[in-house]
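To start, the structure itself, in structure tokens.
The values are calculated or read from the model by the stated rules, or taken from the named source; none is laboratory data. Predicted model only: the values in this text are computed from it and were never measured. So basically every Cβ, Gly included, is an ideal-geometry build from the backbone, and we count neighbours across all protein chains shown.
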Amino acid sequence: MKSIVFDSSSIISVSEKCFIKIFERMSQKAELAIPKKVEFEMIVKPYGIRQFELNSLRIKMALKNKWLKSIALKPEFFQLAQRIKNTANSSFIVRGRPFVLIQDGESETIALLRQLDARLLVIDERNTRMLIEDINGLKNYLESKIGPIQLDAKSINEFKKLTEGIKVCRSAEIIALAFEQGFLDEELEKSKDSLEAALWAVKYSGCAVSDQEIKDFLRIIS
């Protein structure tokens, strides 16, 4: 069975809007994997914080039911995760200092993808996704927020090698696919309004999806 690897941001976006059962249907077709660090971020860390506890319990249920599978990194892939993080976080220089772009959860997610020999990474977190897909686009976006950025060519080239061949999607693509496949039929009627509402819901949960992209997704509904 093929594996799809998720980071915390994408799972939280889906779960927060009560679409957690999408993972039950998806898990029948692929192994949905997360690293232990992401499990900690989603379940252990929020425990006892009332604002986040309900979502944490939903995700815990998904793991208990084996819709999601938490996998420990082997030592060599834990080392790879550290290399990924260090390389990413030395790629952008702001005011003479390296700018932190990714955290342990994101780097361990990429390392787990390599460990499982998977290709598809589901991640809503903008920096990591754009660092893999569009480094110059990320530079332009961040410069609009924080000012001039210098690029470290050596680090960028190494990061590109470490992430070569990875395909990235977001919770918005997961929602659109689930809607098209009928995975949401128990929650939503099959209409353009329903899909649009679902996509805006994950956008407001943190998925970086544009208004135009939402319009593009709506074209799957005749």
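Kindly indicate the residue of segment 193-222 that is closer than 26 Å to Leu131 by Cβ and of a type in the set (Val, Ile, Thr) and also modelled with the lowest pLDDT among those meeting that condition.
So, considering only residues that are closer than 26 Å to Leu131 by Cβ and of a type in the set (Val, Ile, Thr), the one modelled with the lowest pLDDT is Val209.
Condition check: in a helix (DSSP H, G or I) and over 20 Å from Asp152 (Cβ atoms). Does Glu41 satisfy that? If you could, list the steps in order and put the result at the bottom.
Numbers: in a helix (DSSP H, G or I): yes; over 20 Å from Asp152 (Cβ atoms): yes.
Answer is yes for this residue.
I'd like to check something: does segment 161-173 contain any residue that is farther than 22 Å from Glu106 by Cα and not basic (Lys, Arg)? I'd like the intermediate steps shown before the answer.
Kept after step one, since they are farther than 22 Å from Glu106 by Cα, are these residues of segment 161-173: none.
No: zero hits.
Which of the residues belonging to segment 62-82 are out of contact with any Leu (no Cβ under 8 Å at 6 or more places or on another chain), surrounded by 15 or more Cβ atoms within 10 Å (Cβ to Cβ) and farther than 13 Å from Glu108 by Cβ? Steps first, answer last, please.
Taking segment 62-82 and keeping what is out of contact with any Leu (no Cβ under 8 Å at 6 or more places or on another chain), we get 63-66, 72, 74-76, 78-79, 82.
Filter again for surrounded by 15 or more Cβ atoms within 10 Å (Cβ to Cβ), leaving 63, 78.
Matches in segment 62-82: Leu63 only.
On the basis of being under 22 Å from Ser205 (Cβ atoms), part of a loop (DSSP other than H, G, I, E, B), free of Cβ contacts under 8 Å to residues at least 40 places away in the same chain and touching a Leu at 6+ places or on another chain (Cβ under 9 Å), does Leu101 make the cut?
Numbers: under 22 Å from Ser205 (Cβ atoms): yes; part of a loop (DSSP other than H, G, I, E, B): yes; free of Cβ contacts under 8 Å to residues at least 40 places away in the same chain: yes; touching a Leu at 6+ places or on another chain (Cβ under 9 Å): yes.
It is true that Leu101 is under 22 Å from Ser205 (Cβ atoms), part of a loop (DSSP other than H, G, I, E, B), free of Cβ contacts under 8 Å to residues at least 40 places away in the same chain and touching a Leu at 6+ places or on another chain (Cβ under 9 Å).
Since Ser56 meets every condition but one in (1) outside any helix (DSSP H, G or I); (2) modelled with pLDDT under 95; (3) under 17 Å from the mean Cα position of the chain (by Cα), which condition does it not meet?
Failing condition for Ser56: (1).
Across segment 1-25, which residue is nearest to the chain's Cα centre (by Cα) among those that are over 18 Å from Ala201 (Cβ atoms), aliphatic (A, V, I, L, M) and crowded, with 16+ Cβ neighbours inside 10 Å?
Among them, the one singled out is Val5.
Only one of (1) in contact with a Lys or Arg (Cβ under 6 Å, 6 or more places away or on another chain); (2) assigned to a loop (DSSP other than H, G, I, E, B) fails for Ala118. Which number is that?
The single condition Ala118 does not satisfy is (1).
Give the residue, chosen from Ala178, Ala197, that is crowded, with 20+ Cβ neighbours inside 10 Å and small (Gly, Ala, Ser). Explain how you work it out, then say what you get.
Numbers: Ala197 fails: crowded, with 20+ Cβ neighbours inside 10 Å.
One residue alone meets the criteria, Ala178.
Mind checking which residues of segment 35-68 are closer than 17 Å to Phe19 by Cβ and touching a residue at least 40 places away in the same chain (Cβ under 8 Å)?
Result: Asn55, Arg58, Ile59, Met61, Ala62, Asn65, Trp67, Leu68.
Determine the pairs where a residue that is in contact (Cβ under 8 Å) with a residue 12 or more places away in the chain and more than 25 Å from Asn55 (Cβ to Cβ), located within segment 202-222, has a partner that is among the small types (Gly, Ala, Ser) and assigned to a helix (DSSP H, G or I) with Cβ atoms under 8 Å apart, the partner being 6 or more residues away or on another chain.
If the second residue must be among the small types (Gly, Ala, Ser) and assigned to a helix (DSSP H, G or I), the pairs left are Ile220/Ala176.
Can you name every residue in segment 130-150 that is exposed (fewer than 13 other Cβ atoms within 10 Å of the Cβ) and either touching a Phe, Trp or Tyr at 6+ places or on another chain (Cβ under 7 Å) or among the small types (Gly, Ala, Ser) (or both)?
Once the filter is applied, which keeps residues that are exposed (fewer than 13 other Cβ atoms within 10 Å of the Cβ) and either touching a Phe, Trp or Tyr at 6+ places or on another chain (Cβ under 7 Å) or among the small types (Gly, Ala, Ser) (or both), segment 130-150 yields Gly137, Ser144, Gly147.
Kindly indicate the residue of segment 83-98 that is charged (D, E, K, R) and not in a helix (DSSP H, G or I) and also surrounded by the most Cβ atoms within 10 Å (Cβ to Cβ) among those meeting that condition. First the steps, then the outcome.
So in segment 83-98, the residues charged (D, E, K, R) come out as 83, 85, 95, 97.
Now restrict to residues that are not in a helix (DSSP H, G or I): 95, 97.
Numbers: Arg95: 10, Arg97: 8.
Looking at the filtered set, the residue picked out is Arg95.
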